[in-house]
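Read through the structure below, which is laid out as structure tokens, and then see the notes.
The values are calculated or read from the model by the stated rules, or taken from the named source; none is laboratory data. Note that the coordinates shown come from a computational prediction; the quantities given were computed from them, not determined experimentally. Neighbour counts are summed over all protein chains in view; Cβ atoms, including those assigned to glycine, are modelled from backbone coordinates with ideal geometry. For accessibility, only protein heavy atoms count, side chains too; no ligands or nucleic acids. Shrake-Rupley method; radii C 1.70, N 1.55, O 1.52, S 1.80 Å.
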Amino acid sequence: MCNGCKVKYSDYYSDNIYTWCTNCGNYAIHQALKRSLVKLKIPPYQVLLCFDIGCHGNGADKIGGYRFHGLHGRVIPFAVGAHLANHKMPVIAFGGDGGTLDEGINHLIHAVRSNYNITFILHNNGNFGLTKGQVTPTSPKGLAMNSNPFGLIEDQINVCKFLLNLEPSFVARTFSGNIHQMERVFVDAITHKGFSFVEILQACPTYNKVNTHEKIYSKVYDVDELDDYDPQNLSQALKVSSDLDNKIATGVLYFNKTKKDFYSRLPQRLNRNKALIDEVKNY
Amino acid sequence: MKNRFSVKIVGESGQGINLMGEVLSKAFLELGYYVFGYREYPSLIKGGSASYQLDISAQNINSSFKSSNVIIGLSRIALSQYLSDISDGGLIVHNVVKFQKSEAENHILKSKNASEEFIDTNSLLDKLNLNYRYANTFLVSLIWARLGFDVEILQEIFKEYFKERDDILENNLTCINLGFEEGSNQSLVEHGLDKPEKKANLEIMTGNEAIARSAIACGVRAFYAYPMTPASSILEYLANNAINTGMIVKQAEDEITAAQMTLGSMFMGTRAMTATSGGGFDLMTETISLAGMTETPFVCVLAQRPGPATGLPTWTQAGDLNLAIFAGHGEFPRCVLACSDLESCHRLTQQAFNIAEYFQIPVIVLTEKHIAESYFTKDTNFENLPIIRNLVEGKALEKLSPNDRYQFTDSGVSKRWVIGASKATFLANSDEHSEDGSVTEDASLAQQMYEKRMKKYTGLLKVIPEPTLFGKTSGEFLLIGWGSVKLSVLDAINFADKNVSYLHLEVLHPLDIAKLSNIMGRFKKYIAIEQNYLGQMSKILEMELKISFTDKWLKYDGRPFFVDEVIKYINKL
Ligand SMILES: Cc1ncc(C[n+]2csc(CCOP(=O)(O)OP(=O)(O)O)c2C)c(N)n1
């Protein structure tokens, strides 16, 4: 992304001390994120990282880069506004399963529909972490947690399957226990032009006693391992994404390169080379 | 009333009332008259009754009379609703077949010595084999003739309007000629207006168009909104002009999104705006709080209509002052400005951006349906304010450090730069933070950062527009108001016999207490005029200035203050 830039892993270093639980999936996610940014030669001052409110958001000051830590459930529209103002800068947004699928699910649906060229990374740990262990739409039915002591009576949302039904531009699933896969998926997602959705099945050692690191690890496989998997085939993607119980498909599940991103579709921006940030005084 | 005349076209929504109002306005402008166009319409697409009133004068006017000298009626329901608005000696011309007046209606006409004339437009149009919807053009042309003006002016305006619709134009021209002929055979209507000087470049414009144009001129490059009356026409205007301006105009999925996108674009370093009405603003309040905390500039136009809930969607009020001042959790500095006319719509929009960027705070620009959708006459070009961004630029970018972003300063304002412009990266944090944005829960640091933000009020008070005093600088009565109240009060003062002054507030928050006390101290009695039930402005003044009002004239029926009722009120003082 940056011609001639020398980017080191340590460029993303922060002096602040992490406040996550021991064995939290977020550590590995940060590591994979930094590795992918270094691989893409993106220096910290040429990326905007936007965080939702939740445990993952508490890492906002533990990594380098231009960063915004906003409101619960609202990270997507903020990131989209930032992206449209400077479509030349990569914008990566992060949200938890609570903030994204409860409070802000409308934003997710519309971002897929509008196909804004940003990357969105969902930290799916199957519960509210920061507010100390309540259920979310991705918690399994029957799960007893703080707000549901008698067990969750509602059905679970399979996020990837749900989004694939919207004919998205890029959908991937990965696992916080696999740094290499996360790094590779992040690189693909950031490089993809359009709305790139990445779900991370994330271990929450403190509150998620059901889908533990070990349990997720025993179920996941990479679609690359399948002989005849075509990530450009939507029905195949829908099929493999459905199973969350026995064998969980991960990797880049689906992408569509023919879909134009929102900015490129804007008739008023055709033949205009500048970004909006360079036009305020020169309009 | 000397030097003012008013014509009201009434009918059902969908009968072309607005088109006739606009056409007639342009015809008057062509002659050099000023017009003020006031529209009433229900919140539905077809049916119900609607009106377009034109007040006309040789001098600049910005208000409506409650009563009209001429009423052109196109439907029975509309006539019953508006018949009582006829002025003394006025004329009602209509095409309602078998118009049976009630006893009350007869009484009104009699007591006002008004005349009512039926024109059988149906038979006339049948003869021409034309659709009945052309009755509006016919009647407008008939009145134009009876006012003694030239038919060519009307013809030219229609030609301009329908230059791409030959068939419609032809039918309209036929109706104009016929209506004019008919009208010329009837008695003249005395309008009593002075002959205006012919002026070049008069145009009619709504308050919303003035805001939209001002935004374009001050470098707003993105506009995000969810449609809501009476803010929607800003979205419409900007969208219609997007190809020329290159502005990104996006109808968002809701107001939460619109506000967040606006904030995101501003954070990145461009200028972006959003506009909504009360209900949509409610959804934006968390974002306004976020703007306050992260010190990100934010500008929102809040176009008021009567509430609560859905309220009266297409009517006017100024009842969201408290909302604008107090919206959002926590305490943070903000600025609330209120428009009143075209000039202030233009100036305050640009000033809102300068203030928002300079102080890195949210700014709310209040307007009202009566300003947003009324048609004003524009006779001058408004000057654009210099664009003040307060961004670090050029070589200085290389010397920045992350701590500069929220550095403690005497003014509370720290350095801000376009994202990506410097190697000094930082975090903008909705959690309480230290100078580089890193989270903190340290008591003294938290208190210091809190105070840093609030300190901005000191500088803000030095740059906000001063309250304007109209009339004598001292005396018995001082009327005080904000928003559209100014329009009818200033027009009324010109006609009233009493010597009163009017103090107009453009900045509702923060208040410059010293300046206000200084001005108000020279008067004995204060009278608040407000378009809401609680007297929201006057309550704040009472609280901040420890004064009391002799009277508060509060109106909250969805209608603006009409100039005739203001004159009556002033004369009774
Ligand atoms: C509007 C609003 N409602 C509620 C909260 C409280 N809150 C903070 S974090 C959180 C849930 C976080 O869960 P999730 O999004 O799954 O992220 P995680 O902590 O698991 O990473 C909630 C409800 C808030 N900050 N804002």
- [ ] Just one of (1) closer than 26 Å to B:THR287 by Cα; (2) surrounded by fewer than 23 Cβ atoms within 10 Å (Cβ to Cβ); (3) out of contact with any helix residue (DSSP H, G or I) (no Cβ under 7 Å at 6 or more places or on another chain) trips up A:GLY142, so point out which.
- [x] (1)
Open item on the list: If I filter segment B:392-400 for residues that are in contact with a Cys (Cβ under 9 Å, 6 or more places away or on another chain) and not charged (D, E, K, R), do I get at least one hit?
Closed with: no
Task: Unique match (being out of contact with any Pro (no Cβ under 6 Å at 6 or more places or on another chain) and either surrounded by fewer than 19 Cβ atoms within 10 Å (Cβ to Cβ) or in contact (Cβ under 8 Å) with a residue 40 or more places away in the chain (or both)) among A:LYS34, A:LYS62 - done: A:LYS62
TODO: For A:LEU166, indicate whether it is open to solvent by 10 Å² or more (accessible area, probe 1.4 Å), within 16 Å of the ligand (Cβ to nearest atom) and either within 14 Å of another protein chain (Cβ to nearest Cβ) or under 29 Å from A:VAL223 (Cβ atoms) (or both).
DONE: no
Task: Residue under evaluation A:GLY73, criteria (1) touching a His at 6+ places or on another chain (Cβ under 6 Å); (2) within 14 Å of chain B (Cβ to nearest Cβ); (3) near the ligand (Cβ under 9 Å from one of its atoms), criterion not met - done: (1)
TODO: List the helices (runs of 4 or more DSSP H) that sit entirely inside segment B:316-434 and contain at least 1 residues that are in contact with a strand residue (DSSP E or B) (Cβ under 9 Å, 6 or more places away or on another chain) and within 14 Å of another protein chain (Cβ to nearest Cβ).
DONE: B:342-359
Task: Candidate set: segment A:194-228, residues that are more than 29 Å from A:HIS83 (Cβ to Cβ) and touching a Leu at 6+ places or on another chain (Cβ under 8 Å); chosen: the one least open to solvent (accessible area, probe 1.4 Å) - done: A:ILE216
Task: Conditions (1) within 16 Å of the ligand (Cβ to nearest atom); (2) at the interface with another protein chain (Cβ under 9 Å from one of its Cβ atoms); (3) outside any helix (DSSP H, G or I); (4) surrounded by fewer than 20 Cβ atoms within 10 Å (Cβ to Cβ); number of the one not met by A:ASN23 - done: (2)
Open item on the list: Kindly evaluate A:PHE78 against the criterion of being away from the ligand (no atom under 15 Å from the Cβ) and crowded, with 24+ Cβ neighbours inside 10 Å.
Closed with: no
TODO: Check whether at least one residue in segment B:391-409 is touching a residue at least 40 places away in the same chain (Cβ under 8 Å), open to solvent by 20 Å² or more (accessible area, probe 1.4 Å) and closer than 17 Å to A:HIS69 by Cβ, and report yes or no.
DONE: no
Open item on the list: Given the condition within 30 Å of A:ARG113 (Cα to Cα), within 14 Å of the ligand (Cβ to nearest atom) and open to solvent by less than 30 Å² (accessible area, probe 1.4 Å), answer yes or no: does some residue in segment A:180-188 qualify?
Closed with: no
TODO: Considering each residue of segment A:33-59, count those that are within 16 Å of the ligand (Cβ to nearest atom) and within 15 Å of the chain's Cα centre (by Cα), and give that number.
DONE: 11
Open item on the list: Looking at B:THR296, B:THR287, can you tell me which residue is more than 16 Å from the chain's Cα centre (by Cα), surrounded by 24 or more Cβ atoms within 10 Å (Cβ to Cβ) and part of a loop (DSSP other than H, G, I, E, B)?
Closed with: B:THR296
- [ ] Any residue in segment A:122-140 that's more than 14 Å from chain B (Cβ to nearest Cβ) and under 18 Å from A:TYR217 (Cα atoms): show its pairings with residues that are near the ligand (Cβ under 6 Å from one of its atoms) and assigned to a strand (DSSP E or B) at Cβ separation under 6 Å, as long as the two are six or more apart or on different chains.
- [x] A:HIS123/A:GLY96
- [ ] Determine if segment A:97-109 includes at least one residue that is touching a Leu at 6+ places or on another chain (Cβ under 7 Å), more than 9 Å from every other protein chain (Cβ to nearest Cβ), open to solvent by less than 10 Å² (accessible area, probe 1.4 Å) and part of a helix (DSSP H, G or I).
- [x] yes
Task: Positions within segment A:234-249 being open to solvent by 30 Å² or more (accessible area, probe 1.4 Å) and farther than 19 Å from A:SER218 by Cβ, in sequence order - done: A:LEU234, A:SER235, A:GLN236, A:LEU238, A:LYS239
TODO: Starting from segment B:346-373, keep only residues that are closer than 19 Å to B:LEU290 by Cβ and charged (D, E, K, R), then list their pairs with residues that are open to solvent by less than 10 Å² (accessible area, probe 1.4 Å) and outside any loop (DSSP other than H, G, I, E, B) whose Cβ atoms are within a distance under 8 Å, requiring at least 6 positions of separation or different chains.
DONE: B:GLU357/B:ARG271
TODO: Return a yes/no flag: does segment B:468-475 have any residue that is over 24 Å from the mean Cα position of the chain (by Cα), on the phi > 0 side of the Ramachandran plot and touching a residue at least 24 places away in the same chain (Cβ under 8 Å).
DONE: yes
- [ ] Give me a count of the residues in segment A:194-236 that are farther than 18 Å from A:ASP97 by Cα, among the small types (Gly, Ala, Ser) and within 18 Å of the chain's Cα centre (by Cα).
- [x] 1
Task: Residues of segment A:117-134 that turn out to be more than 10 Å from the ligand (Cβ to nearest atom) and open to solvent by 10 Å² or more (accessible area, probe 1.4 Å), as a count - done: 1
Open item on the list: Scan segment B:72-80 and tell me whether some residue there is in contact (Cβ under 8 Å) with a residue 24 or more places away in the chain and closer than 14 Å to B:GLY192 by Cβ.
Closed with: no
